[in-house]
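Here the structure comes first, spelled out in structure tokens, and everything after it is commentary.
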């Protein structure tokens, strides 16, 4: 391996002689500290000191990723606790299917409408402050749901809970944009969304156990407290840029900055005119609409479907409703990891992101059909596991693309995409309630299968190689 010597400024030592520093740069050893030699000029002889020892990069970026993983898990635990408590709440308060549908939708409308403002909040003020604020906000309203006394009060609490959770994914995406290497982004988005599905999968059984002992209101207090504890930890540890972080060494900082450039802690102004003219953004958003509509059925209605249509009792419902979400967690991990490997193999983010999303949507579209029409209830759950697995394969890809094309504005771009995804999720619970009342449970799942096929078509129009905003701040450090 050939190394390049670069002369440094002369330094006078304790005895008054001059030393000339030479930094030995090793381009093939990314993440290592440069080797430095000093030649002392005294008369006609020179002496060389020993090279500086190599310093391995720290792993602060992985701690940041772990905190984001925990936040994603908390978001879905807070989100699906109501779905798990619905059978008990209906009996106590006498809510109809239509009423429950509107309560579910209240969260989704608050979540959808505040995606873009929340994404701007993260870009403008940085992930440290912005994510702390929104997590505290939604944790408070999670706990306040326990005080609801009728449909209106519960709907209001869920709406403002959705307003807070709207910032979770866009701001977290922005928070990772300056920390994760390009070849780690698919895995990072896959593991974060896998954590959300694990949280959702664990919640039904946990909520049922707590409800049996303490009533349906107790889980909302517990999950609210968990969110507040996370917010305090995030504000203490996270910094908006690696340069500001106390627990990162120069080697890891160099590794990150060589890969993603020197990022700003905040973006002073978001170039909305440029962003909104991007065809990739709108195609990505339509693709995510199809995903959002489809996954919401499994998040909000699947426990009720198993209890009402498939004949599972409350305990069985808590167990079997978790299985598709656990399968989805595997899909999240696999989709993001495979996409990153394809990117390294083909040297093309465009190919890597498209192929994985296409396979995932087609898998979901196909397996929703036998899950719907089989007469065997347990078999329906297993087919649903494959369908949700396919849906979740697309998620790591979808959330990696804003990092690929957005740079410092990844939060705002992710917010637009997630707005469309949650418009689909906002329509889904209301429409399903009406369709079930008119035609039974099969038609809503047929609509879901059709939208998954449409999502497969839309993913072919997304180009992850083409950045929406190009600016010098995003260029790698020379």
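The values are calculated or read from the model by the stated rules, or taken from the named source; none is laboratory data. As the structure is a prediction and not an experimental result, all values here were calculated from the model. Cβ placement follows ideal geometry from the backbone for every residue including glycine, while neighbour counts extend to all protein chains displayed.
Please verify whether the range 71-82 includes one or more residues that are in a helix (DSSP H, G or I) and either more than 25 Å from the chain's Cα centre (by Cα) or on the phi > 0 side of the Ramachandran plot (or both). Working first, answer last.
Filtering the range 71-82 down to residues in a helix (DSSP H, G or I) leaves 71-82.
Going one step further and asking which of them are either more than 25 Å from the chain's Cα centre (by Cα) or on the phi > 0 side of the Ramachandran plot (or both), we end up with none.
Looking through the range 71-82, none of the residues is in a helix (DSSP H, G or I) and either more than 25 Å from the chain's Cα centre (by Cα) or on the phi > 0 side of the Ramachandran plot (or both).
Select, from 54, 92, the only residue that is modelled with pLDDT of 50 or more and outside the structural domain of residue 144 (by TED's automatic domain parsing).
Only one candidate qualifies: 54.
Whether any residue in the range 365-375 is in the same structural domain as residue 175 (by TED's automatic domain parsing), at pLDDT below 85 and more than 29 Å from residue 183 (Cβ to Cβ) is what I want to check. Break it down stepwise before answering.
Let us first name the residues in the range 365-375 that are in the same structural domain as residue 175 (by TED's automatic domain parsing), namely 365-375.
Those still in the list that are at pLDDT below 85 too: 375.
Still in the running and more than 29 Å from residue 183 (Cβ to Cβ): 375.
For the range 365-375, residues in the same structural domain as residue 175 (by TED's automatic domain parsing), at pLDDT below 85 and more than 29 Å from residue 183 (Cβ to Cβ): present.
Of all residues in the range 309-328, how many are in a helix (DSSP H, G or I) and in contact (Cβ under 8 Å) with a residue 40 or more places away in the chain?
Qualifying residue count for the region: 12.
Would you check if there is a residue in the range 401-408 being in contact with a helix residue (DSSP H, G or I) (Cβ under 8 Å, 6 or more places away or on another chain), crowded, with 24+ Cβ neighbours inside 10 Å, modelled with pLDDT of 90 or more and within 30 Å of residue 343 (Cα to Cα)?
no
Evaluate the following for residue 259: is it in contact with a helix residue (DSSP H, G or I) (Cβ under 7 Å, 6 or more places away or on another chain), in the same structural domain as residue 441 (by TED's automatic domain parsing), modelled with pLDDT of 85 or more and in a helix (DSSP H, G or I)?
Against the criterion (in contact with a helix residue (DSSP H, G or I) (Cβ under 7 Å, 6 or more places away or on another chain), in the same structural domain as residue 441 (by TED's automatic domain parsing), modelled with pLDDT of 85 or more and in a helix (DSSP H, G or I)), residue 259 does not qualify.
Within the range 325-337, identify whether any single residue is under 29 Å from residue 99 (Cβ atoms), modelled with pLDDT under 90 and surrounded by 24 or more Cβ atoms within 10 Å (Cβ to Cβ), and answer yes or no.
Our first condition is that a residue be under 29 Å from residue 99 (Cβ atoms); within the range 325-337, this holds for 325, 328.
Keeping just the survivors that are modelled with pLDDT under 90 gives 325, 328.
Imposing the further condition that a residue be surrounded by 24 or more Cβ atoms within 10 Å (Cβ to Cβ) reduces the set to 325, 328.
Yes; the residues of the range 325-337 include at least one that is under 29 Å from residue 99 (Cβ atoms), modelled with pLDDT under 90 and surrounded by 24 or more Cβ atoms within 10 Å (Cβ to Cβ).
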